[in-house]
Each structure stands twice: as structure tokens, then as C-alpha cells.
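Here's the structure we're looking at; comments come further down.
The values are calculated or read from the model by the stated rules, or taken from the named source; none is laboratory data. What you see is a predicted model; the values in this text were computed from it and never measured. A quick note on method: Cβ atoms are made from the backbone with ideal geometry, for glycine too, and the neighbour counts reach across all protein chains shown.
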Amino acid sequence: MEFILPLRNDIKEMLKDLFGNTIQEMLEAELEEDLGYSKYDYKNKATPNSRNGHSKKTIKPDHGKIDIKVPRDRDGEFDPKIVKKNKRDVSSIEDQVLSMYAKGMTTRDIKTHLEDLYGIEASPELISRMTDKILPLVAEWQNRPLEEVYGIVFMDAIHYKVRSEGRVVNKAAYTIIGINLEGIKEVCFFQLKIPPYFSRKVPHLILKNNKFYLIIFLTFCF
């Protein structure tokens, strides 16, 4: 079907937006921890160093290139950990970052994810700052409003390889996209899993107030 490719492009763009926005907040939290004070919190500033704008950088996760803005300090001492200065390929961390948006992830789960990402390089203070910045993004995604009625609902998945525990495994971004009665596409469900994952139970995962209805339900082969 000719609409499958545009639909999958929509999924890729969604994943890129989620990943890019999260990496941006993680970088901002890193600089805050490095300087010792939050932006505009000058009363707690105890260093002559300060913020000095941003520099553009293009990173490469599995789902395409993303432009981010890396924060800078005036002394030029800030050395990001999540995206190293000379590093552009971030496909190895994409799975862990996007997993934080899964339904049911708690604050403790997100902290554990961040600790796994940073390892011994992250202090408890940095993890706390980062969690505070990421939680609003995750909450906004998980609690975004859904329509009560969709004309068509598509189930699809994008497959890719990730390194996990020293080995390469196949993972899939399982997505349900609904087209509402005005013809606008919306992401209703998103989950990263080792395939196969979709089953008859999946439509129930996007129920909202027991009022989720659809007219046509299409499932692609994964």
C-alpha cells in the first residue's frame, strides 16, 4: 500500500523528536551540574564560569540525523558525557533513552535508566537534576490527550539492531497510529520491545476512559 512508507516516516520523525528533545535536556542538566547552579539562579552561583550559548551539532541515532544545540561555558571546560565532543553516532544509547517514554515507567525506573547510561561518570546530584528535567517530557508524552474516535488505526513497527549486554539484538519500535475524523494522524501507542510483540491485547493498551472506538483496524506484517 502506497501509504505505508509515509506512515513509517511519521514514526521515524516521532522517534527523532523524542530522542532529540531528551538528549537536549540531558545536556542542559550536565552543564547545570558542571557549573553548580541552574539557569538564572545567580544567588547560588559560586563560580566565575558561566553559560555561553550553544553550538550546533548533528548526531546520528538509528532513525536518522538530528540537529541538537550543545550548551557551552565561557571557560570552555564543559565536556559533555552523554554525547562526547567528537562523538556523533549515538545509536548505542537510543534504545535506553526512548524506553523512558514507555507507559508505566516510574521515576525510579527513569533514574535507573540514567544510571545505566552514565555509569560511574554520574553523581547522584546529576542523576537527580536530569530526572527533574526529563520527567516533564515523559509525563507530557504519556498523558497526551487522545481522541475518543479514530476513523482508521494502523499498527506498525520499525526494526533495528542495538547492542545490549555485550551482544547485538533485534528490537522494534511498535507503534499504533490513529487517523482521526478530521484526517489528522496521531501516535496512540509506542513501545520498544524485542519482536514479536503485538497481539490481540494491543488495542486495549490505548483505551482512554473506556471510550476508544475505531472504524477500520489495519495491521501490517512485522
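Numbers at a glance
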| read-out | value |
| --- | --- |
| Some residue of segment 95-111 being free of Cβ contacts under 8 Å to residues at least 40 places away in the same chain, crowded, with 16+ Cβ neighbours inside 10 Å and either among the charged types (D, E, K, R) or not assigned by TED's automatic domain parsing to the domain that holds PRO48 (or both) | yes |
| Residue that is nearest to LEU192 (Cα to Cα), among those in segment 168-179 that are free of Cβ contacts under 8 Å to residues at least 40 places away in the same chain and either charged (D, E, K, R) or out of contact with any Leu (no Cβ under 9 Å at 6 or more places or on another chain) (or both) | ASN170 |
| Selection count where residues are over 16 Å from PRO80 (Cα atoms), among the β-branched types (Val, Ile, Thr) and either surrounded by 19 or more Cβ atoms within 10 Å (Cβ to Cβ) or outside the structural domain of VAL97 (by TED's automatic domain parsing) (or both), scope segment 17-69 | 1 |
| Test for THR58: is it assigned to a loop (DSSP other than H, G, I, E, B), modelled with pLDDT of 85 or more and of a type in the set (Val, Ile, Thr) | no |
| Selection status of MET14, on the phi < 0 side of the Ramachandran plot, assigned to a loop (DSSP other than H, G, I, E, B) and within 19 Å of the chain's Cα centre (by Cα) | no |
| Residues located in segment 70-94, provided they are crowded, with 19+ Cβ neighbours inside 10 Å and acidic (Asp, Glu) | GLU94 |
| Residues of segment 99-148 that turn out to be aromatic (Phe, Trp, Tyr) and either over 29 Å from GLU186 (Cα atoms) or part of a helix (DSSP H, G or I) (or both), as a count | 2 |
